[in-house]
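After the structure tokens below, expect a handful of questions from me.
The values are calculated or read from the model by the stated rules, or taken from the named source; none is laboratory data. Values in this document were obtained by computation on a predicted structure and should not be read as measured data. Note that each Cβ is placed from the backbone with ideal geometry, even for glycine, and that neighbours are counted across all protein chains shown.
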Amino acid sequence: MPPKKSDNALELERNKAREHVVVTGAGSGIGKEFVKLFLQDGANVLAVSLIDEELNALKEEFSGYSGMLCTLKIDLSKENACELVENWCQENRWSVDTLVNNAGFAIYSECVECDQLRVRSMINLNVRLLTELCMVFSRAMIKNGSGNILNVGSTTGMFPTRRFASYGATKAYVNSFSASLRAELRPYNVNVTCLCPSATRTNFSATSGIDDFNGKSLMRSYFQRGGGARASKVARIGYKGMRRRKAQVIHGPGSTLARLLRHLPQPLVPVIMRNF
């Protein structure tokens, strides 16, 4: 008879068989809800965020789930962020089955009034990091003949607006890049889904500057009235869309308006939405 395997050996085998996931921007909002959904399904999740307190809170809150949670503190807007995530995965034999590119932030302001360093950080995070992570981990997925990439774009990337000139452009990139990448990876059985939420009740309005904006602003009024989709619902719909291998998932109270605006002449939209 073959020797009986130890409990540790059995656990190692179970861990290898589980889905291994990387979620960026995992400490709060939609990212946190993604972590929860994957853990509930028994996946092993690497949650990447900048804030220690958020990562520690994840460990406490999700300790009872069947999946294994690991955390990694990194400033994802830095030039070497992708390399650091990749190195961690290699050192810990974390063969990534699913990549969730959720990290990102917005700047709500007239473009010429924005802080240049902050705009650079936003572009690094929203565009460069997402692109590099997709490139790095999709290569391994191609070799394995399977995989999932879930990129979080935005309905804001579907039409141009004032005060979101640079942010909207980064999300337009994510929306377009995801569609193109999907076509390239589909022959290798690697799925790419782009989640495009509209306004969502997270810390988005506070960190972007919407709450502090002086002047007419539909966005500020909307959030002040408690508007916006729930992060848990946005994540759940995006998660289901990825599992069903959908190309794009659009959700939120502003999604209908976004669909309409993208069919108008684009130079006209910022004029119409001048107080957006």
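Restricting to helices (runs of 4 or more DSSP H) lying wholly in segment 153-272: which have 1 or more residues that are in contact with a Phe, Trp or Tyr (Cβ under 8 Å, 6 or more places away or on another chain) and within 13 Å of Tyr108 (Cα to Cα)?
Counting at least 1 such residues, we get 165-185, 204-208, 218-224.
Only one of Val234, Val249 is surrounded by 15 or more Cβ atoms within 10 Å (Cβ to Cβ), under 15 Å from Phe204 (Cα atoms) and of a type in the set (Val, Ile, Thr). Can you tell me which?
Val234
Please determine whether any residue of segment 84-95 is aliphatic (A, V, I, L, M) and either part of a helix (DSSP H, G or I) or touching a His at 6+ places or on another chain (Cβ under 6 Å) (or both).
The answer is yes, given that some residue of segment 84-95 is aliphatic (A, V, I, L, M) and either part of a helix (DSSP H, G or I) or touching a His at 6+ places or on another chain (Cβ under 6 Å) (or both).
Got a number for residues in segment 187-240 being more than 30 Å from Ile142 (Cβ to Cβ) and aliphatic (A, V, I, L, M)?
Within segment 187-240, residues that are more than 30 Å from Ile142 (Cβ to Cβ) and aliphatic (A, V, I, L, M) number 7.
Check Val152, Val96, Val100, Val127 and return the single one that is crowded, with 17+ Cβ neighbours inside 10 Å, more than 28 Å from Ala17 (Cβ to Cβ) and modelled with pLDDT of 95 or more.
Val127
For segment 115-129, indicate whether the set of residues that are β-branched (Val, Ile, Thr), in a loop (DSSP other than H, G, I, E, B) and either at negative phi or touching a Phe, Trp or Tyr at 6+ places or on another chain (Cβ under 7 Å) (or both) is non-empty.
Looking for residues that are β-branched (Val, Ile, Thr), in a loop (DSSP other than H, G, I, E, B) and either at negative phi or touching a Phe, Trp or Tyr at 6+ places or on another chain (Cβ under 7 Å) (or both), one finds none in segment 115-129, hence no.
What single numbered condition from (1) assigned to a loop (DSSP other than H, G, I, E, B); (2) within 27 Å of Asn44 (Cα to Cα) fails to hold for Asn56?
Result: Asn56 passes all but (1).
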